[in-house]
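A quick write-up on the structure given underneath.
The values are calculated or read from the model by the stated rules, or taken from the named source; none is laboratory data. All of these numbers come straight from a predicted model, not from anything done at the bench. Using ideal geometry, Cβ is built from the backbone for each residue, glycine included, and neighbour counts are taken over all protein chains shown.
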């Protein structure tokens, strides 16, 4: 397509299909929605899947994708080089020929984007040195240990550092694509595509990959019932004494056991759950800030604002504007 932005997506055996297909579907919607609105058909993204050779390539799930070109003779400049992730233990990213092509192609590309563990390939190619990137939470520590010159923040959904773009796993690649579309076009188009793809919410890059509740639920069996009780009583006066009483424990023993099991003091956990609940209310409702504060147990908008700023370096009002 004339005047379109060019995307080259790397395709290799064992890659995660959704890491590729999810973002590419979002990019493909650009031309479709612009055309529906009377825009030029030529606008959008021109996508090429590049593999070791042209033809079918089996992904991690067994879904067979098709390479349009071989990286042995693909040397065209790109707006975006997209690199998907792979299953843990897959060493495909160390293929020297593929690594050499990625390194050379990155120099010919305006932007380089990795999804999930695709960051390993970019790090192995030396492209992430000095950059701040994200990846799937399950790969963060391993990636940092293997490549200590890379700043890894595995808490975020996606992030940007110079020409390097990165995202967490699987569906987070769609969030990254939407952020790039917003950058290339505008927020309105990105939101239309999110709606068309039935994406529940267009998430900002600095949103956490998973909630404190989900993290806690996967690590505890002893306090599972308490966590459920806390969820239904966030607006109540959740003191250590009240939580200890619910568990039929002394406050001292409860605090020690909870901290050892969950990884943080009980009051810290309650504050973080209240903040997550407040954030969802700000994203999804027009509820007044004072009502949000009362509903989530902060009692006043001032207390909520102080806690919100301490946690996310922004005010509740500024955060809400992202979703309006």
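Can you name the residue in the stretch 152-170 that is surrounded by fewer than 16 Cβ atoms within 10 Å (Cβ to Cβ) and farther than 16 Å from residue 110 by Cβ and, of all such residues, is modelled with the highest pLDDT?
153
Exactly one condition in (1) closer than 17 Å to residue 109 by Cβ; (2) loosely packed, with under 12 Cβ neighbours inside 10 Å; (3) in contact (Cβ under 8 Å) with a residue 40 or more places away in the chain is false for residue 79; which is it?
Residue 79 satisfies all of (1) closer than 17 Å to residue 109 by Cβ; (2) loosely packed, with under 12 Cβ neighbours inside 10 Å; (3) in contact (Cβ under 8 Å) with a residue 40 or more places away in the chain except (2).
With respect to residue 81, determine if the residue is in the same structural domain as residue 18 (by TED's automatic domain parsing), touching a strand residue (DSSP E or B) at 6+ places or on another chain (Cβ under 9 Å) and assigned to a loop (DSSP other than H, G, I, E, B).
For residue 81, the condition - in the same structural domain as residue 18 (by TED's automatic domain parsing), touching a strand residue (DSSP E or B) at 6+ places or on another chain (Cβ under 9 Å) and assigned to a loop (DSSP other than H, G, I, E, B) - is not met.
Condition check ((1) exposed (fewer than 15 other Cβ atoms within 10 Å of the Cβ); (2) more than 21 Å from the chain's Cα centre (by Cα); (3) outside the structural domain of residue 79 (by TED's automatic domain parsing)) across all residues:
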site: 12; (1), (2), (3): no, yes, no
site: 22; (1), (2), (3): no, no, no
site: 27; (1), (2), (3): no, no, no
site: 31; (1), (2), (3): no, yes, no
site: 34; (1), (2), (3): no, yes, no
site: 45; (1), (2), (3): no, yes, no
site: 48; (1), (2), (3): no, yes, no
site: 53; (1), (2), (3): yes, yes, no
site: 64; (1), (2), (3): yes, yes, no
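Inside the stretch 250-269, can you point out the residues that are part of a loop (DSSP other than H, G, I, E, B) and more than 21 Å from residue 298 (Cβ to Cβ)?
In the first step, residues of the stretch 250-269 are kept if they are part of a loop (DSSP other than H, G, I, E, B); the result is 250, 263-265.
Across the stretch 250-269, the qualifying residues are 250, 263.
Testing residue 89 on (1) part of a loop (DSSP other than H, G, I, E, B); (2) under 23 Å from residue 13 (Cβ atoms); (3) touching a residue at least 24 places away in the same chain (Cβ under 8 Å), one condition comes back false. Which one is that?
Status for residue 89: all satisfied but (3).
Within the group 201, 282, 191, which residue is within 26 Å of residue 153 (Cβ to Cβ), at pLDDT below 85 and assigned to a helix (DSSP H, G or I)?
191
Considering only residues that are assigned to a strand (DSSP E or B) and in contact with a helix residue (DSSP H, G or I) (Cβ under 9 Å, 6 or more places away or on another chain), look in the stretch 106-123 and name the one that is surrounded by the most Cβ atoms within 10 Å (Cβ to Cβ).
Filtering the stretch 106-123 for residues that are assigned to a strand (DSSP E or B) and in contact with a helix residue (DSSP H, G or I) (Cβ under 9 Å, 6 or more places away or on another chain), the one surrounded by the most Cβ atoms within 10 Å (Cβ to Cβ) comes out as 115.
Taking the condition of being surrounded by fewer than 13 Cβ atoms within 10 Å (Cβ to Cβ) and over 19 Å from residue 303 (Cβ atoms), how many residues in the stretch 223-249 meet it?
Summing the residues that are surrounded by fewer than 13 Cβ atoms within 10 Å (Cβ to Cβ) and over 19 Å from residue 303 (Cβ atoms) in the stretch 223-249 gives 7.
Given the structure, is residue 263 closer than 23 Å to residue 156 by Cβ and either loosely packed, with under 14 Cβ neighbours inside 10 Å or in contact with a strand residue (DSSP E or B) (Cβ under 8 Å, 6 or more places away or on another chain) (or both)? Full working, then the answer.
Numbers: closer than 23 Å to residue 156 by Cβ: yes; either loosely packed, with under 14 Cβ neighbours inside 10 Å or in contact with a strand residue (DSSP E or B) (Cβ under 8 Å, 6 or more places away or on another chain) (or both): no.
Against the criterion (closer than 23 Å to residue 156 by Cβ and either loosely packed, with under 14 Cβ neighbours inside 10 Å or in contact with a strand residue (DSSP E or B) (Cβ under 8 Å, 6 or more places away or on another chain) (or both)), residue 263 does not qualify.
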